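To start, the structure itself, in structure tokens.
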Amino acid sequence: MTIPSTIRGIEHVGITVPDLDKATRFFEQAFDAEILYELMVGPVGGDWLEAAVGVPPGTELMHIRMMRLANGPNLELFVYRSEEQRPPVLPSDFGLQHFAICVDDIDAVAARIQEAGGTLLAGPLDLPGGDAGPGNRFMYTRTPWGSTIELVTFKSPLAYEVSTTKRRWRPV
């Protein structure tokens, strides 16, 4: 007997940040994110943290804050202290390397990111391949601490939709 799948979608994205208040202001200014609650205030460390999360020995978890985006996954901001911290990954590195936020006006949101201290990469550019369609565009950006966020806007059906009845999930 198999149990039916109850997978609903991504509930939150966890992001380790160097300064919780600055990161919070960035997400508030750039994306109208709002603080929901403080999940934990540390410092907390030890064997349980190392075993449960897989961090290096001696790492301390200092703070967790949950934020809400209008439509899509929540943002869970973490502050860790560790002698082995590395800079954020680039899209060419292994592992989770970016998340995308669906927006109506990509130019306006890009301007907000820049005003909030983020960096804009090339674009906005037309989405290629299966995502192509008139007005469908994307742009990669970076937070003030270097994490990558992609902006996407879909103004028309996606090119892949003509060849299948399957559809990507998108916020309404």
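The values are calculated or read from the model by the stated rules, or taken from the named source; none is laboratory data. Since the structure is predicted, the reported quantities are computational estimates derived from the model, not experimental observations. A quick note on method: Cβ atoms are made from the backbone with ideal geometry, for glycine too, and the neighbour counts reach across all protein chains shown.
Computed quantities for the displayed model
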| read-out | value |
| --- | --- |
| Residues of segment 5-49 satisfying the condition of being exposed (fewer than 11 other Cβ atoms within 10 Å of the Cβ) and in a strand (DSSP E or B) | 37 |
| Subset tally (residues that are part of a strand (DSSP E or B) and in contact (Cβ under 8 Å) with a residue 40 or more places away in the chain) for segment 75-98 | 6 |
| Condition broken by residue 101, with the remaining ones in (1) at pLDDT below 95; (2) in a loop (DSSP other than H, G, I, E, B); (3) out of contact with any Ser or Thr (no Cβ under 6 Å at 6 or more places or on another chain) satisfied | (2) |
| So residue 72, is it at pLDDT 90 or above and in a loop (DSSP other than H, G, I, E, B) | no |
| Residue 164 polar (S, T, N, Q) and without any contact (Cβ under 8 Å) to a residue 12 or more places away in the chain | yes |
| Residue tally, condition among the β-branched types (Val, Ile, Thr) and in a strand (DSSP E or B), over segment 53-69 | 1 |
| Residues being out of contact with any Gly (no Cβ under 8 Å at 6 or more places or on another chain) and assigned to a loop (DSSP other than H, G, I, E, B) - total across segment 119-172 | 21 |
| Candidate set: segment 99-154, residues that are on the phi > 0 side of the Ramachandran plot and touching a residue at least 24 places away in the same chain (Cβ under 8 Å); chosen: the one surrounded by the fewest Cβ atoms within 10 Å (Cβ to Cβ) | 129 |
